[in-house]
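Below you'll find the structure, written out as structure tokens, and then a few comments.
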Amino acid sequence: MIIGSHVSFGEKQLLGSLEEAISYNANALMFYTGAPQNTIRKPISDKLLDDAINYAKENNFDFNNIVCHAPYIINLANKSQADKWDFSINFLINEIKRCEKLGVNKIVLHPGSSVGITQEEGLDNIIEALKIILENDTSVNILLETMAGKGNECGRTIDQIAYIINNVNSNLLKVCVDTCHINDAGYNVNEFDQYLEEFDQKIGIDKIYCIHLNDSKNILGSHKDRHENIGFGEIGFEALYKVLTNKKLENIPKILETPYLAVTDKIKKAPYKEEIAMLRKGTFDKDVFKDILNI
Ligand code: FE
Ligand code: FE
Ligand code: ZN
């Protein structure tokens, strides 16, 4: 079972991310190289990176199970403001370079949002941008995330993701399947085998390089994108557990992006240690957060 969560990338950079992941008993992790909403980035420290590599080795943490997530503000779909489109492209190229330096070979990307243009135009802009980005010689895979279809989000259907992948035609372009997003986009996670079958026909199951394992606060097809803790949402524990343990996806990191728990008005706590333990066990416990919430 390869499972982890979203963790922070703070002062201690990847070393801190690894420490946080290991505190949750995780063997995978995902981080943003800086705040997801902005593009301020600190240089990667060689010393901290060395320490991170050693720490990972000591703890048998495989770098193949480390995933980076590009910031939300990158939008490759919209070219109407050319300077912003160029900025998004250049920023992603730089994030890829940071991944290379860190020894991380996967970066998750939200395909983009087609504001004021059609979805078709948005998809074509994304294809054009990805071709430019992938002209650079790199070993980092770009994982397009399946989106909920909130607002003008592109990448809401298997067909849209297939259209991008088939037109960019690069072996570095892969997919990250988010269970909350596909539920909200209208694919029933309780019938995940059917989803995988369609995915395999149109894209190829070998392109799935990461799973975002989240429950959803909203019903099938709601196009909302609000994550819920595992087993507490509309998808439910059984369906998510089946995704986690699917033999075809055995070697792929599963990453939790479930919401923090509000202990008090001011204190929030990560649910990941408890959720990971519950998922490793394989049985849902509605009281799993009891100890965290009673401080
Ligand atoms: Fe995402
Ligand atoms: Fe996600
Ligand atoms: Zn989401």
May I ask you to say which residue of ASP225, ASP265, ASP215 is out of contact with any Pro (no Cβ under 7 Å at 6 or more places or on another chain) and surrounded by fewer than 15 Cβ atoms within 10 Å (Cβ to Cβ)?
ASP265
On the basis of being within 15 Å of ligand 3 (Cβ to nearest atom) and out of contact with any strand residue (DSSP E or B) (no Cβ under 8 Å at 6 or more places or on another chain), does ILE182 make the cut?
yes
I want to confirm something. Restricting to the range 78-103 and keeping residues that are among the aliphatic types (A, V, I, L, M) and farther than 30 Å from ASN54 by Cβ, which single residue is modelled with the lowest pLDDT?
ALA82
Checklist (1) surrounded by 17 or more Cβ atoms within 10 Å (Cβ to Cβ); (2) on the phi > 0 side of the Ramachandran plot; (3) not aliphatic (A, V, I, L, M) applied to ASN25, failing item
(1)
Positions within the range 53-89 being among the hydrophobic types (A, V, I, L, M, F, W, C), within 16 Å of ligand 3 (Cβ to nearest atom) and assigned to a strand (DSSP E or B), in sequence order:
VAL67
Select, from ILE208, ILE255, the only residue that is within 14 Å of ligand 3 (Cβ to nearest atom) and β-branched (Val, Ile, Thr).
ILE255
Requiring at least 2 residues that are closer than 26 Å to ASN105 by Cβ and touching a helix residue (DSSP H, G or I) at 6+ places or on another chain (Cβ under 9 Å), the helices (runs of 4 or more DSSP H) wholly within the range 194-295 are 237-244, 272-281
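Yes/no matrix, rows are residues, columns are (1) among the aliphatic types (A, V, I, L, M); (2) crowded, with 23+ Cβ neighbours inside 10 Å; (3) assigned to a helix (DSSP H, G or I); (4) within 13 Å of ligand 1 (Cβ to nearest atom):
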site	(1), (2), (3), (4)
ILE117	yes, no, no, no
GLU121	no, no, yes, no
LEU134	yes, no, yes, no
THR138	no, no, no, no
ALA148	yes, yes, no, yes
ALA162	yes, no, yes, no
ASN166	no, no, yes, no
Filter result (surrounded by fewer than 19 Cβ atoms within 10 Å (Cβ to Cβ), modelled with pLDDT of 95 or more and either more than 18 Å from MET147 (Cβ to Cβ) or more than 18 Å from the chain's Cα centre (by Cα) (or both)) within the range 253-262
PRO259, TYR260, LEU261
Taking the range 163-197 and keeping only residues that are over 18 Å from the mean Cα position of the chain (by Cα) and among the small types (Gly, Ala, Ser), one is left with SER170, GLY186
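The values are calculated or read from the model by the stated rules, or taken from the named source; none is laboratory data. Given the structure is predicted, the values throughout are model-derived calculations rather than measurements. Every residue, glycine among them, receives a Cβ derived from its backbone with ideal geometry; neighbour counts consider all protein chains shown.
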